[in-house]
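Down below is the structure, laid out as structure tokens.
The values are calculated or read from the model by the stated rules, or taken from the named source; none is laboratory data. Keep in mind that what you see is a predicted model, and the values were worked out from it rather than measured. Positions of Cβ are generated from backbone atoms using ideal geometry, with glycine treated the same way; all protein chains shown enter the neighbour counts. Calculation scope for accessible area: heavy atoms of the full protein, side chains included, ligands and nucleic acids excluded. Shrake-Rupley method; radii C 1.70, N 1.55, O 1.52, S 1.80 Å.
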Amino acid sequence: MRDDGGNGVSAEPAFRYGFAQSPCGGLAFELAGADVLLRTSGALWLAGERLLVVADLHLEKGSAYAARGQMLPPFDTRETLARLAAEAARLRPRTILLLGDTLHDGEAEARLADEDVRTLTTLAAVANLVWLLGNHDADGKRDLPGDSTTAWRVGGLTLVHEPHASPSYGEVAGHLHPCARVKGRVGSVRRRCFVSDGERLILPAFGAYAGGLNVRDAAFEGLFRRAPLAVALGERRAHAVGWGQLGRD
């Protein structure tokens, strides 16, 4: 059975998602039997493993655009890394997992400012820094600290950059930069979001310039076994939003 949005997901109104608001403003969520926290920053936190996960930083996207003549304020890398460092300071993770497309392109590492390299070096000194390869940074980093891999498995979850094309139990991915357009009584609001059917999870992009794709887009079709829940990111709180409240762009 398809939901009325025609997005290739089953409508199961009787299904109850396991979630609760956290004192930090995030959403405590049950994912494939694992307890995770969806942070208002867009980071995923697994407290039992002391694992902090962020997706799609796209460092040096601004400088890549500038090289093509599209001038943007060149502060995206600084802002993105400052938010990551703040999350690390609050949570004190044992491992920080970068879920792919951390660098915007193959030359982004060479364009990093010394201060930004120092921030990454500091993060690697206080936690195990792991870089998953993405489509934008398929060749990986060169001289930056940390380890590189294509997947990471922990607590029954498999963390990858790009989601598989069909439902995949316990998979955590990035790549699609999900955003939710939440319909209200008057108008709507668009926010970055997590999206999950309780079996798999797609993280929002963490990068300042990464942008987002509406979860009603065809790119999400077939990924979920049932109508998923969007967790839209407000300034101080993450909001659980049912599929029926989500609109198209």
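Some values worked out for this structure:
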{"read-out": "DSSP bridge orientation in the chain - percent antiparallel, rounded to nearest 5", "value": "65 percent"}
{"read-out": "Local net charge near L157, Cβ-Cβ under 15 Å (Lys/Arg +1, Asp/Glu -1)", "value": "-3"}
{"read-out": "FRET efficiency, 1/(1 + (r/R0)^6) with R0 35 Å, evaluated for A110 and A89 via beta carbons", "value": "0.80"}
{"read-out": "Residues with amide H under 5 Å from that of D197, placed H, sequence gap 5 or more", "value": "L229"}
{"read-out": "Per-peptide average of other Cβ atoms within 10 Å, ordering 75-86, 191-202 highest first", "value": "191-202, 75-86"}
{"read-out": "Accessible surface, per residue, of the chain when the full set of protein chains is kept, probe 1.4 Å, Å²", "value": "46 Å²"}
{"read-out": "Simple Cβ-charge dipole of region 24-104, Lys/Arg +1 and Asp/Glu -1, about Cα centre, in debye nearest 20", "value": "260 debye"}
{"read-out": "Fraction of beta bridges assigned by DSSP in region 90-215 that are antiparallel (%, nearest 5)", "value": "45 percent"}
{"read-out": "Segment V117-Y169, extension gain: residue separation times 0.36 nm, minus the distance between their alpha carbons", "value": "15.1 nm"}
{"read-out": "Cα-based helix-to-principal-axis angle, 76-91 vs the chain, degrees rounded to 10", "value": "70 degrees"}
{"read-out": "Cβ-derived FRET efficiency at R0 25 Å, R50 paired with A151, nearest 0.05", "value": "0.80"}
{"read-out": "Region 48-107 - convex hull of the alpha-carbon atoms, volume per residue in Å³", "value": "72 Å³"}
{"read-out": "Span from the region 165-222 Cα centroid across to the region 30-106 one, whole angstrom", "value": "16 Å"}
{"read-out": "Cubic angstrom per residue, convex hull over Cα atoms of the chain", "value": "128 Å³"}
{"read-out": "Environment charge at F206 (Cβ cut-off 13 Å; Lys +1, Arg +1, Asp -1, Glu -1)", "value": "-1"}
{"read-out": "Cα-based helix-to-principal-axis angle, 114-126 vs the chain, degrees rounded to 10", "value": "70 degrees"}
{"read-out": "Share of carbon and sulfur in the accessible heavy-atom surface of region 105-204 [1.4 Å probe, %]", "value": "48 percent"}
